[in-house]
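Below: one structure, written as structure tokens.
The values are calculated or read from the model by the stated rules, or taken from the named source; none is laboratory data. Source: prediction; values computed, not measured. Cβ placement follows ideal geometry from the backbone for every residue including glycine, while neighbour counts extend to all protein chains displayed.
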């Protein structure tokens, strides 16, 4: 199953906006989109959660893989605009200690 | 006032079944005025557990079956999942090291770690050829 992902360029950062639901049914589709961008040399990646209402652990796993690969190449992944219920889960599970999360797109782009 | 509302669903084990179930859980959450975060945690657990069953535990099983139950009790939300796949005890799965730096972190094992982190009580038994897992989440005071 494919996921719809909007894509915007903001300065040197590439902003990806997955839409709707990112779960085990479409995590592979999201993985191929994200990793293709990383493999072609994008260094500053922002994933904007503003249009996402659900992310499963398989979706988080893709973010973790991307963060690892970007970090290995001196790049960076920053997340932003997370709905409160998702942000809380990322915070309690310690995920926010691994991948930075910013409230707004502007601050995420500035940090990426 | 005492209340106990219940959702019961029998699923055919396909990855796509998770979506229809998630929709039912969201409607159940709305009807019982459950907080978004608690509904999210239930769907997070279901996505992980059912994906595991479909991808591994129920492979090659003649009549694969998954039964999901969700009950709202006075102070907690109880999720039960029963399947007739291979014996698998999620309470014994090892935790990934979540304190290590990003470059050293394993990318697997995250889903079960999240389930264990957020469940207030977790119980597993294997009886009658079935895996029976129960997760209990305490309701926040405002949701009671």
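Restricting attention to the range B:92-137, the residues that are modelled with pLDDT of 70 or more, outside any helix (DSSP H, G or I) and within 14 Å of another protein chain (Cβ to nearest Cβ) add up to 5.
Of all residues in the range A:1-19, those being surrounded by fewer than 17 Cβ atoms within 10 Å (Cβ to Cβ) and within 14 Å of another protein chain (Cβ to nearest Cβ) number 2. Would you check if there is a residue in the range B:13-36 being within 20 Å of residue B:118 (Cα to Cα) and free of Cβ contacts under 8 Å to residues at least 12 places away in the same chain? Within the range B:13-36, one or more residues are within 20 Å of residue B:118 (Cα to Cα) and free of Cβ contacts under 8 Å to residues at least 12 places away in the same chain. Looking at B:39, B:25, which one is more than 9 Å from chain A (Cβ to nearest Cβ) and touching a helix residue (DSSP H, G or I) at 6+ places or on another chain (Cβ under 7 Å)? Answer to the check: B:25. Scoring residue A:22 on the criteria (1) within 13 Å of another protein chain (Cβ to nearest Cβ); (2) surrounded by fewer than 16 Cβ atoms within 10 Å (Cβ to Cβ) leaves a single failure, condition (2).
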